[in-house]
Amino acid sequence: MSVKILIADDHPLFRAAMCHALASVEHIELVETSTFPDTLTSLEENDDIDLLFLDLTMPGNEGLNGLAEVHALYPDVLVVVITAQEEPDVMAKSFALGASGFIPKSASVDCIIDAVNTVLDGETWIPPSVHNASATMPNATASNANGHSGQDDFTNRLKQLTPHQLKVLRMVSDGLLNKQIAYELAISESTVKQHVSAVLRKLGVINRTKAGIAFKNAMHLS
C-alpha cells in the first residue's frame, strides 16, 4: 500500500532535500507545493494524500493560521510542521491545533524518516533535541506551570470550529464588520451573525473583540 505525502515549502532546495531524505522509504509518492494557496488546491485535488509537511512561514500562511485551516478542512490528513523556529511554545500551539509532528529544518535525514514512520503509525513525533518533551505535548501539565493553560485551552477549542466559522473568526480578528465579512464570503449578514454566535459559544468568550485578540495570540509564532 502506497503512501502519498505532500511537501509544502517555498524553498526549492529544502523540498529537494526532503524528497532525497524520503527516497529510501518504500511505496511512497511525493507531491510538492510552494505556497499555501497551492497547498490547499493540491489537497482538494488529491483526496488520497496521507501526510502533509507544512512550512509555517511559506507565502500565504500567516503563523499558525494555515495549520488551523488545514485541520478544519481536512481532519484526516496527518500534518507534520516544518519550521526553522524551535521554540517550545510554537510546538505546543502546533500540537494543540492538531499537528502530528514537529520537525526543525535542521533535522537530519534519519530524523525525517523516523518522523514519517512514527506519524504514519499513529503516534506523535517530537524532535530528540527537545529535552522537556512533556512541555510541548497536547494537554501538557507543564503549560499550567508556565501560565499558558488559558491560551492552551483556547487553542484546543479552535479545533471545534467548522471551516466557515474559522474563516469568520479570522476576519473578525482582522477587524472586519459583519457586513464586510458577508461580502467577502458571499453570504448573508444574518448567516455571518450566526457564525459569530457559534464561534463565541464554542470558544467560551463573551464578545467578538476578545475572540479576535485571543485568536491573534493563538496564531502568533512566539
- Task: From (1) closer than 15 Å to Leu97 by Cα; (2) modelled with pLDDT of 80 or more; (3) surrounded by fewer than 20 Cβ atoms within 10 Å (Cβ to Cβ), pick out the condition that doesn't hold for Met137.
- Result: (2)
- Search the stretch 58-67 for residues being part of a loop (DSSP other than H, G, I, E, B) and without any contact (Cβ under 8 Å) to a residue 40 or more places away in the chain, and hand back the single one that is nearest to the chain's Cα centre (by Cα). Asn61
- Task: Give the residue, chosen from Leu54, Leu30, Leu43, Leu78, that is in contact with a Lys or Arg (Cβ under 9 Å, 6 or more places away or on another chain), of a type in the set (A, V, I, L, M, F, W, C) and free of Cβ contacts under 8 Å to residues at least 60 places away in the same chain.
- Result: Leu30
- Message: Of the residues Val70, Val79, only one is outside any helix (DSSP H, G or I), open to solvent by less than 10 Å² (accessible area, probe 1.4 Å) and of a type outside the set (Asp, Glu); which?
- Response: Val79
- Matching residues in the stretch 7-19 (without any contact (Cβ under 8 Å) to a residue 60 or more places away in the chain and out of contact with any Pro (no Cβ under 7 Å at 6 or more places or on another chain)) number 9
- Would you be able to say whether some residue in the stretch 32-51 is open to solvent by 40 Å² or more (accessible area, probe 1.4 Å), assigned to a strand (DSSP E or B) and out of contact with any Asp or Glu (no Cβ under 7 Å at 6 or more places or on another chain)? yes
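The values are calculated or read from the model by the stated rules, or taken from the named source; none is laboratory data. All figures in this text were calculated on a predicted structure; none of them were measured in a lab. Cβ atoms come from the backbone with ideal geometry, glycine included; neighbour counts cover every protein chain shown. The area values use the complete protein model at the heavy-atom level, side chains included, leaving out ligands, DNA and RNA. Shrake-Rupley method; radii C 1.70, N 1.55, O 1.52, S 1.80 Å.
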